[in-house]
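The values are calculated or read from the model by the stated rules, or taken from the named source; none is laboratory data. None of these values were measured; they are calculated from a predicted model. All Cβ positions, even for glycine, are placed from backbone atoms using ideal geometry, and neighbour counts span all protein chains on display.
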Amino acid sequence: MGRKLLLEKANVPGICTYEVYRREGGYRSVEKALKSLSPDQVTEEVKKSGLRGRGGAGFPTGMKWGFLAKPEGVPRYLVVNADESEPGTFKDRYLMEFIPHLLIEGMITASYALGSNRSYIYIRGEYVWVAEILERAIDEARANGWLGKNILGSGFDCDIYVHRGAGAYICGEETALLESLEGKRGNPRIKPPFPAVKGLWGCPTVVNNVETIAAVVPIINDGAEEYAKIGIGKSTGTKLISACGNINKPGVYEIDMTISVEEFIYSDEYCGGIPAGKKLKACIPGGSSVPILPANLLLKTAKGETRMMTYESLADGGFVSGSMMGSGGFIVLDDSQCVVRHTYTLARFYRHESCGQCSPCREGTGWMEKILWNIETGKGKMSDIDLLWDIQRKIEGNTICPLGDAAAWPVAAAIRHFRDEFEWHVLHPQEAQQRNYGLMHYADPIHVPNPVMA
Amino acid sequence: MSSDTKNTIPTVKVTIDNITIEVPAGTTILNAARQIGGDVTPPAMCYYSKLEGSGGKCRTCLVEVAAGSAADPRPMPKLVASCRTGVMDGMVVKNITSDKVKDARAGVVEFLLLNHPLDCPVCDQAGECHLQDLGYEHGKEGTRYEFERRTFEKEDIGPYIQLHMTRCILCYRCTYVADQLTDQRVHGVLDRGDHAEISTHISKAIDNNFSGNMIDVCPVGALTDKTFRFKNRVWFTKPVLAHRDCPDCCGKVTLWQRGDEVLRVTARKDEWGEVCSYDGKPGWICNTCRFDKKAASDWVIEGPVNVNRHSVISQGHYSALQTPKETLPEVMGGRAPKLMMDIHDVSEVNKIELSQLPGAATGSDFNSPAPKEA
């Protein structure tokens with residue numbers, strides 16, 4: 001049984017109300033931080049904890065906080081990114097829905113560390129009811145003196161506002177989010193300047209994921225050393241994984257980053273295996289934009305080691321034979337799934353969500369979608385596969401924001417690992433309409449060459 | 001250097017394609033490259049130095065930074081948009097010397113042309129279109145796109161401007177004009193992705209005295225001057241510099257004439273296709289100058305525009321036309337050239353005096369018996 005830090009109390013009845021949350025030990029971290037720690041000490045604790053951003057990129061949070069420019073007389077802002085729109089990711093919703101006060105508590109502590117007197121939660125427009133839950137929680141916190149002027153007599157003022165987005169995936173990109181929060185069209189900004197220097201309304205801003213901010217609470221409560229003990233290497237603490245797809249028990253799981261991918265999929269504590277006696281074919285371990293992996297590379301790395309549910313292990317082998325932890329949207333595909341159709345669905349999503357600001361992403365995503373649709377419907381050519389590869393190559397890295405990369409990676413990985421399935425679709429257009437390619441060799445053990453002795 | 005004062009901006013050295021140049025700190029890579037000029041300058045479709053916040057979108061100006069600065073000589077991991085990246089001292093930039101850049105740029109050009117209608121033969125922008133130039137210089141001869149291109153309905157935005165969204169490459173320049181030049185913005189981008197469109201919100205007219213500058217900043221034929229539409233091809237018109245005393249704007253314009261008729265009035269543009277600056281202020285012109293003053297008598301003509309000889313407009317040979325020197329008499333030693341018939345005055349076959357024949361010689365002249373010599 002893994003250790004739970006965030007969702008430990010999630011099933012306590014009434015935990016979403018202030019009374020129950022406080023009774024269960026809530027807001028201790030705010031007391032501790034405001035009464036006994038300086039803002040810099042809080043930042044130092046977060047640095048020592050090794051907490052990495054939970055939104056997808058995995059950037060060390062403490063370091064991000066340390067980058068925040070602190071010019072005299074200019075306000076600083078903390079913005080929480082609750083625009084969780086990555087297909088397959090729903091961990092933040094769970095957290096905000098069940099224990100909203102955990103986020104509020106983490107935000108007050110983080111705002112104290114960063115010197116933000118006005119902090120924002122930018123929440124995805126579709127999460128209407130979650131926004132209402134948060135509003136209620138904020139009202140309760142304010143009524144009990146945790147928000148407003150001079151919190152706990154420390155002289156620190158803080159207030160939190162909830163801002164609802166209008167349903168654009170791109171507004172989860174931090175600079176597009178800031179644009180949207182300012183009331184403009186949600187186009188990503190060109191970096192540099194980074195938000196740490198020029199963010200919301202031109203002021204230094206830190207944008208963090210919901211889960212990252214929530215993780216500040218156990219770090220301050222238990223201490224950074226205690227937090228850093230959990231997990232392996234640079235993957236410290238616990239991570240929420242939203243598991244979905246062809247598994248027996250889809251849902252949000254808190255793992256302590258010491259378990260293997262195999263254990264996560266097949267153990268009854270987590271996903272509970274693949275239903276209906278089917279076999280694992282492929283998996284996207286970190287949300288739709290990270291590379292898809294076939295079963296054999298998912299469970300073992302190219303070196304033959306067991307793949308663990310950690311940032312490093314999932315990324316082992318780079319994009320050639322690895323993937324990414326991403327935002328923790330764990331999508332499992334069994335042998336009845338078609339990778340071509342699946343890739344088409346993702347391409348359609350990214351085409352729809354491209355903001356259209358920079359040309360490679362605007363034009364390239366639509367082009368890839370059309371070609372994939374042709375292959376899927378039996379009108380593809382062999383040259384289309386190479387063309388897809390060339391298009392994704394020209395999008396990746398050449399765009400303003402990571403959406404271009406996010407659109408290119410799934411296509412690249414699907415061709416890299418499942419090229420024969422694409423070719424089968426092209427060569428057997430009739431058959432491909434009636435049945436799927438199946439598991440084929442994708443779960444076969446991979447040959448690991450013996451290391452050459454020097 | 002003792003002449004340095006506190007007011008001077010410190011200069012930094014940047015190397016672009018092995019050419020080192022000293023520029024004031026804060027200059028972007030693109031502007032530094034423009035100071036070098038020539039092929040070293042990356043093409044720019046969306047960046048417009050006179051519009052704040054423009055650039056970074058089209059990605060044609062991507063360059064490779066091989067060394068970030070003298071202090072931190074690590075290369076930048078990705079290609080960067082040169083129009084929005086400032087130079088650092090000791091920065092080493094690769095533009096046309098980088099295969100990565102050339103490859104990425106070819107990709108960007110292909111992407112930009114993907115949904116472009118390529119209706120140049122009926123487009124008013126042809127001849128002064130930046131996308132045409134870009135495609136000519138960096139594009140491939142064919143496209144790999146096999147699908148229907150995106151189209152939009154033509155839209156009139158106000159009495160003077162027509163928006164032909166099908167041709168648009170979404171450079172956002174015109175929205176910056178609307179933002180920064182005009183006091184009431186009714187012009188922006190609707191929708192997103194490949195169906196994003198420039199529009200006035202729900203077909204409003206743009207009613208502003210400086211709205212015509214959108215036509216000038218548009219790199220393609222998406223925004224065209226309705227007073228000039230289908231009147232002429234630009235390369236048949238002759239651009240002349242002219243000015244008038246205008247209460248609203250600088251009044252310095254280019255007249256595009258055919259004969260004495262003024263077909264079109266635009267702001268003056270520099271070699272990068274941007275509006276010229278006067279005393280540091282961009283020379284935007286007002287709609288009165290642009291659309292209403294269409295008589296040569298409204299203007300004080302200054303003289304012809306120097307058109308880049310690579311431009312198709314320069315083929316008009318409108319200025320100081322010189323007839324080529326006649327060299328044939330010189331070659332022939334002072335003898336005037338004669339017709340072939342005159343090479344021999346008298347036929348050697350039958351001694352017919354060719355010059356005596358009325359008109360051109362025919363077979364019957366030779367077949368008839370030669371006149372008896374007396």
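Results for (1) touching a residue at least 12 places away in the same chain (Cβ under 8 Å); (2) out of contact with any Leu (no Cβ under 9 Å at 6 or more places or on another chain); (3) within 17 Å of A:R22 (Cβ to Cβ); (4) among the basic types (K, R), shown as yes or no for each residue.
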{"site": "A:D83", "(1), (2), (3), (4)": "yes, no, no, no"}
{"site": "A:L95", "(1), (2), (3), (4)": "yes, no, no, no"}
{"site": "A:L114", "(1), (2), (3), (4)": "yes, no, no, no"}
{"site": "A:R124", "(1), (2), (3), (4)": "yes, yes, no, yes"}
{"site": "A:V130", "(1), (2), (3), (4)": "yes, yes, no, no"}
{"site": "A:E135", "(1), (2), (3), (4)": "yes, yes, no, no"}
{"site": "A:A141", "(1), (2), (3), (4)": "yes, no, yes, no"}
{"site": "A:G153", "(1), (2), (3), (4)": "no, no, no, no"}
Here is a check on your reading of the model: is B:A33 within 13 Å of chain A (Cβ to nearest Cβ) and closer than 26 Å to B:C129 by Cβ? no
Could you list, in sequence order, the residues of region A:40-62 that are surrounded by 14 or more Cβ atoms within 10 Å (Cβ to Cβ) and in a helix (DSSP H, G or I)? A:V42, A:T43, A:E44, A:E45, A:V46, A:K47, A:K48, A:S49, A:T61, A:G62
Go through the residues of region A:351-361 one by one and say whether even a single one is more than 14 Å from chain B (Cβ to nearest Cβ), farther than 22 Å from A:K239 by Cβ and in contact with a Ser or Thr (Cβ under 7 Å, 6 or more places away or on another chain). no
Residues of region A:98-121 satisfying the condition of being surrounded by 24 or more Cβ atoms within 10 Å (Cβ to Cβ) and farther than 26 Å from A:K35 by Cα: none
Applying the selection to region A:159-192, what residues are under 20 Å from the mean Cα position of the chain (by Cα), part of a loop (DSSP other than H, G, I, E, B) and away from chain B (no Cβ under 12 Å)? A:G165, A:E173
Subset of region A:297-335 [of a type in the set (D, E, K, R) and not in a loop (DSSP other than H, G, I, E, B)]: A:K300, A:E312, A:D334
Among the residues of region B:97-117, how many are over 21 Å from the mean Cα position of the chain (by Cα) and outside any helix (DSSP H, G or I)? 3
Given the options A:G73, A:G58, name the one that is of a type in the set (G, A, S), in contact (Cβ under 8 Å) with a residue 12 or more places away in the chain and farther than 22 Å from A:H101 by Cβ. A:G58
Taking the residues in region A:291-333 that are in contact (Cβ under 8 Å) with a residue 12 or more places away in the chain and charged (D, E, K, R) as candidates, determine which candidate is farthest from A:S235 (Cα to Cα). A:K303
Does at least one position in region B:45-67 carry a residue that is surrounded by fewer than 19 Cβ atoms within 10 Å (Cβ to Cβ) and touching a residue at least 60 places away in the same chain (Cβ under 8 Å)? yes
Go over the candidates A:I400, A:I395 one by one and state the one that is surrounded by 22 or more Cβ atoms within 10 Å (Cβ to Cβ), without any contact (Cβ under 8 Å) to a residue 40 or more places away in the chain and within 14 Å of chain B (Cβ to nearest Cβ). A:I395
For region A:418-444, the count of residues that are in contact with a His (Cβ under 8 Å, 6 or more places away or on another chain) and farther than 17 Å from A:L333 by Cα equals 1
Pull up region B:119-143, narrow it to residues that are within 14 Å of chain A (Cβ to nearest Cβ) and outside any loop (DSSP other than H, G, I, E, B), then point me to the one that is surrounded by the fewest Cβ atoms within 10 Å (Cβ to Cβ). B:H138
Tally of residues being within 11 Å of another protein chain (Cβ to nearest Cβ), surrounded by fewer than 24 Cβ atoms within 10 Å (Cβ to Cβ), part of a helix (DSSP H, G or I) and not acidic (D, E) across region A:367-387: 5
Yes or no: region A:418-436 includes at least one residue that is among the basic types (K, R) and not in a loop (DSSP other than H, G, I, E, B). yes
Single residue of A:A407, A:A412 found to be more than 11 Å from every other protein chain (Cβ to nearest Cβ) and assigned to a helix (DSSP H, G or I): A:A412
Could you identify the single residue in A:L7, A:L37, A:L95 that is in contact with an Asp or Glu (Cβ under 7 Å, 6 or more places away or on another chain) and surrounded by fewer than 21 Cβ atoms within 10 Å (Cβ to Cβ)? A:L7
Yes or no: A:G366 on the phi > 0 side of the Ramachandran plot and without any contact (Cβ under 8 Å) to a residue 24 or more places away in the chain? no
Quickly run through region B:81-102 and pick out the residues that are crowded, with 19+ Cβ neighbours inside 10 Å and within 18 Å of B:Y47 (Cβ to Cβ). B:A81, B:S82, B:C83, B:R84, B:T85, B:V87, B:V93, B:N95, B:V101
Could you look through region B:50-108, keep only residues that are under 26 Å from A:I391 (Cα atoms) and basic (K, R), and pick out the one that is farthest from the other protein chains (Cβ to nearest Cβ)? B:K94
Of all residues in region B:4-40, how many are β-branched (V, I, T) and in contact (Cβ under 8 Å) with a residue 40 or more places away in the chain? 9
Those residues of region B:234-251 which are surrounded by fewer than 19 Cβ atoms within 10 Å (Cβ to Cβ) and in contact with a strand residue (DSSP E or B) (Cβ under 8 Å, 6 or more places away or on another chain) amount to B:F236, B:L241, B:H243, B:R244
Please specify each residue of region A:423-444 satisfying the condition of being crowded, with 24+ Cβ neighbours inside 10 Å and either within 21 Å of A:S321 (Cα to Cα) or within 14 Å of chain B (Cβ to nearest Cβ) (or both). A:Y442
When region A:1-39 is examined, which residues are found to be modelled with pLDDT of 90 or more, of a type in the set (S, T, N, Q) and either in contact with a Ser or Thr (Cβ under 9 Å, 6 or more places away or on another chain) or part of a loop (DSSP other than H, G, I, E, B) (or both)? A:T17, A:S29, A:S38
Any residue in region B:1-8 that is part of a loop (DSSP other than H, G, I, E, B) and buried (at least 19 other Cβ atoms within 10 Å of the Cβ)? no
Here are the criteria: (1) more than 16 Å from the chain's Cα centre (by Cα); (2) away from chain B (no Cβ under 14 Å); (3) surrounded by fewer than 24 Cβ atoms within 10 Å (Cβ to Cβ). Tell me which single one A:L280 does not satisfy. (3)
Would you check if A:F319 is within 20 Å of the chain's Cα centre (by Cα) and either within 15 Å of A:I395 (Cβ to Cβ) or within 14 Å of chain B (Cβ to nearest Cβ) (or both)? yes
